[in-house]
Amino acid sequence: MLLQRFIDSGRYCALLLALLVFGGCAVGGPVTAPATIERDAATQADATALTLYEQATGAMAAGDFDEAELRFKKFLLQYPEFPGAHVNLAIIEAMRHNDEAARVSLDAALALNPEFPAALNQLGQLLRRNGDFSAAEAAYLKAVTVRPDYALAHYNLGVLYELYLQRLEDALASFEAYQALVVEDKQVEKWIADLRRRIAATQRTANVAD
């Protein structure tokens, strides 16, 4: 069950890794679907900026990471104030397994906005991949503190707590928070039921020992 959970979570996170974020200095609505443009950022951008960004995200969604990288860098030359472009560059580098370059892009995003949730979430992903689970937790927690309705960060917290830290009750709380924010996720619903069963079994064992 846990091995399959790990495999499933990897596939799901790979899909969610493709989230395309667009953000300015202000923090807008949650980014929980591909190619979403945050409301506050969109009001700050002119038509040219939006067109350039959409071209870059389109290339990224198509899997043409080289083209997407060029377009995001071109975008940033003209509109350097948007941290979301840096986050997308970090996602591209992560897909290439280049964590050092991904960290540079995330640092650039966080320099523009230290509380940009998408950057904090991707930082958590990078730190988790590199085994720094405590720092990953802190990044995810900051993301959901800044934006409590950021479902993706709740999901990643749940994965971290269950599969890496074995903190089942915290995992359950995070997955429940995620589930409350999305329409419905059948897979996570199964994980929640499994966690509740395992927590109850652990509590019964503890009661017998006492």
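Bear in mind that the values in this text are calculations on the coordinates, not laboratory data. Keep in mind the model is a prediction, meaning the values are calculated, not measured. Neighbour counts run over all protein chains shown; Cβ positions are idealised from the backbone, glycine included.
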Per-residue HN-Hα couplings for region 194-206 [Karplus 6.51, -1.76, 1.60; θ = phi - 60°; Hz; x = Gly/Pro]
5, 5, 4, 5, 5, 5, 4, 5, 5, 5, 4, 5, 5
When the label point is put 7 Å from the Cα of residue 198 along its Cα-to-beta-carbon vector, which residues of region 111-141 have a backbone N closer than 16 Å?
none
Net charge over other residues, Cβ less than 9 angstrom from the Cβ of residue 93 (K, R count +1; D, E count -1)
-1
Set of region 158-190 residues, backbone N closer than 14 Å to the point 7 Å along the Cα-Cβ line of residue 205:
166-169
Each residue of region 96-109 in order: what ³J(HN,Hα) in whole Hz does its phi give by Karplus 6.51 cos²θ - 1.76 cosθ + 1.60, θ = phi - 60°, with x for Gly and Pro?
8, 6, 10, 5, 5, 5, 4, 5, 4, 5, 5, 4, 5, 5
Lys and Arg at +1, Asp and Glu at -1: add these up for the other residues within a Cβ distance under 14 Å of residue 68 and post the number.
-2
Arranged from highest to lowest average of other beta-carbon atoms within 10 Å per residue, in what order do the peptides 79-85, 182-188, 93-99 appear?
79-85, 93-99, 182-188
